[in-house]
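Read through the structure below, which is laid out as structure tokens, and then see the notes.
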Amino acid sequence: MDIKTVATTPFLDQKPGTSGLRKLVSVFQKPHYLENFIQSIFNSIENYQGQTMILGGDGRYYNRQAIQIILKMAAANGVGRVKVGRSGILSTPATSCVIRKYDAFGGIVLSASHNPGGPDGDFGVKYNIANGGPAPEKVTTAIYECTKVIDQYKILAASDVDLDTLGETKLGDMAVEVIDSVADYKELMESLFDFYRIRELLTDGKFRMCIDSMHAVTGPYAHALFEERLGAPSGTVLNGTPLEDFGGGHPDPNLVYAHDLVEVLFGEDAPDFGAASDGDGDRNMILGRRFFVTPSDSLAVLAANATLVPGYRDGLTGIARSMPTSQAPDRVAAELGIDCYETPTGWKFFGNLLDADKATLCGEESFGTGSNHIREKDGLWAVLFWLNILAVKQQPVEQLMREHWQKYGRNYYSRHDYEAVDSDRANELISKLRAQIPDLQGKKFGNYEVEYSDDFSYTDPVDGSVSQNQGIRIGFTDGSRIVYRLSGTGTQGATLRIYLESYEPDSSKHDLDPQQSLAELIAIADEVAQVRTLTGMDKPTVIT
Ligand code: VG1
Ligand code: CO
């Protein structure tokens, strides 16, 4: 083996965020930048020599080049075998599935998720551990520490591997196996859902659906599952070929960016069901005919109806949601007599709860839902879950949702994002807010009185690890909440996220536009944090 040891110097900005290291493509293309980070992963872990690793990405620009570099570094560092998705394609949930199925020591997903791609867009690297989930904080911290002191990396001098042909080759002593990107994931989905009933629904000639892959990674998965396996007509999947620049779009499944789908579902003769997924396939948006399901409500509905689905027939051990996610799932957990855990933002905090079987379903307000079937959120899994429920209940999405609200009440919810804010100003806003925390309790703002205020801190109930400063919460006596936090996935300046929630038990008041029903809280959020003054922006850039 011709292993080269290359001298390098540290980059001081390689701290992983909410979900891996995300930077502009041009940053990752700097000499040694990607190599330093990959070598730091190997330097921070133990006992992987001779073992299997999984590798793939969402197909964005620089995916193929990065895969070739990582394969040669894995070979030089003593990895035994790498299973890589054909053409470099593996969605985040598929990677998690494959890591678990083949007992790999871990995996690398190349993705910046919903961030735009292309030469001027973003790139990202996520490291997942043996349970298939995102590396927990103690692992990402160890990687970061290694990036600060790295002085060399190892890489095999070899020619590129053919990524487009299934089968096995050798790279030095390491086996490289190009695997079907879809097969293992599809098999897992078949084991969880009633495909017979979903197929009946999709072929009954009445029910129509449409799914938008946004030119990103879920295209091949959606074609194989919905059109080939479940009998939906071809054309059901929109934008189903992964493109390096996602067609110039933002592969983020929400009402703002999934506009092709929104036009169809809110247009003339709209289909019954619509869904979209993000760049790396872990997010989902669910729509009915002229109807939007908020992600927090989606988690609540899946939990309330889980026993209708074969894989969850025996019920749930618990539910977990990220702190800013609405409290709608808590109400279902209370009714079911199970625990509902509140974790910091980011899927890595769910791993321990799932491993310990304390939670079966998990979700985040940011269009992420998942379960113990893998250790990542899973966009197409959520779509299949919804279809399975609809196939059993034979109800339109809107009716299902309204009946849910009737039983549990409605948690009106919205998130306001202020993107690309100057970082100093954003930090100033958060520190000023933090300084107010001790004085807020008991304060009155119009109809609202503050019951508590804190900077959310989480103690993992399984390993006792503590994560502090996870978002500033202001809770009111009627159960309404305002939460502020800075994003950990952006690559330019800072993004301030403000999460707003109120609860309405009265079903005669379930028809309001959330922006209208939350209007007073929105005004309070601005007053307390001086958002417009301190950001210099008069309105949010994205409202979901
Ligand atoms: C965002 C979301 C968070 C999600 C994370 C990764 O993080 O808010 O809920 O887990 O993205 O999702 P932040 O720090 O920007 O708020 V993905 O699909 O981008 O991997
Ligand atoms: Co994603």
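Taken together, the values in this text are just the output of simple stated rules run on the coordinates, not laboratory data. The structure presented is a predicted model; accordingly, all values stated were derived computationally and were not measured. All Cβ positions, glycine included, derive from the backbone under ideal geometry; neighbour counts span all protein chains shown.
P(r) tail for the stretch 3-181, what percent of Cα pairs lie past 19 Å? Above the 19 Å cut-off, the stretch 3-181 has 53 percent of its Cα pairs.
Across the stretch 314-327, computed HN-Hα scalar couplings (Karplus, 6.51 cos²θ - 1.76 cosθ + 1.60, θ = phi - 60°) run 7, x, 10, 7, x, 10, 10, 9, 6, 3, x, 5, 5, 8 Hz from first to last residue, x flagging Gly and Pro. For the pair the stretch 314-356 and the stretch 81-132, the centres of their Cα atoms are 25 angstrom apart.
Based on the alpha-carbon set only, what is the convex hull volume of the chain divided per residue, in Å³?
Numbers: hull volume 76.4 nm³, N = 544.
Looking at the chain, the number lands at 140 Å³ per residue.
Ordering ILE150, LEU163, GLY106 by the projection of their Cα atoms onto the charge dipole of the chain, which places +1 on the Cβ of Lys and Arg and -1 on the Cβ of Asp and Glu, puts ILE150 at the extreme positive end. Assuming charge only on the beta carbon of Lys and Arg (+1) and of Asp and Glu (-1), the dipole of the chain about its Cα centre is about 560 debye to the nearest 20.
Counting other Cβ atoms within 10 Å as a rough exposure proxy, the listed residues LYS186, LYS101 run LYS101, LYS186 from fewest neighbours to most. Mean sequence separation of contacting Cα pairs (under 8 Å, at least six apart), scaled by the length of the stretch 410-543, corresponds to a relative contact order of 36 percent. Residue-wise HN-Hα couplings along the stretch 355-372, as the Karplus relation 6.51 cos²θ - 1.76 cosθ + 1.60 with θ = phi - 60° gives them from phi, are 4, 8, 6, 7, 9, 9, 10, 9, x, 10, 5, 7, 6, x, 9, x, 8, 6 Hz; Gly and Pro carry x. Modelled spin labels at ASP160 and ASP180, positioned 7 Å past Cα toward Cβ, are 2.6 nm from each other. Taking Cα centroids, how far is the stretch 31-73 from the stretch 483-504 in Å? If you average the Cα positions of each part, the centres end up 31 Å apart. As a proxy for reagent exposure, ranking LEU201, LEU354 by other Cβ atoms within 10 Å from fewest up yields LEU201, LEU354. Of the cross-linked pairs LYS348/LYS377; LYS23/LYS126; LYS30/LYS154; LYS15/LYS126; LYS23/LYS539; LYS148/LYS432, which ones have a Cα-Cα span greater than 22 Å in the structure shown? Over 22 Å Cα-Cα: LYS23/LYS539; LYS148/LYS432. Taking every DSSP beta bridge that has both ends in the chain, the antiparallel portion is near 70%.
At 222 nm, what helix-only mean residue ellipticity would the chain give, in deg cm²/dmol to the nearest 500, using -39500 (n - 2.57) for each DSSP H run of four or more? Write down the numbers at each step before the final one.
On the way: 18 runs with 172 residues, N = 544.
Per the formula, -9000 deg cm²/dmol.
Residues whose amide H falls under 5 Å from that of THR489, counting only those 5 or more places apart or on a different chain, are THR18, with hydrogens built in the peptide plane. Projecting the Cα atoms of VAL483, ILE472, TYR448 onto the charge dipole of the stretch 438-485 (Cβ charges, centred on the Cα centre) puts TYR448 farthest toward the positive pole.
Multiplying the residue separation of THR5 and LYS138 by 0.36 nm and subtracting their alpha-carbon distance yields 45.1 nm.
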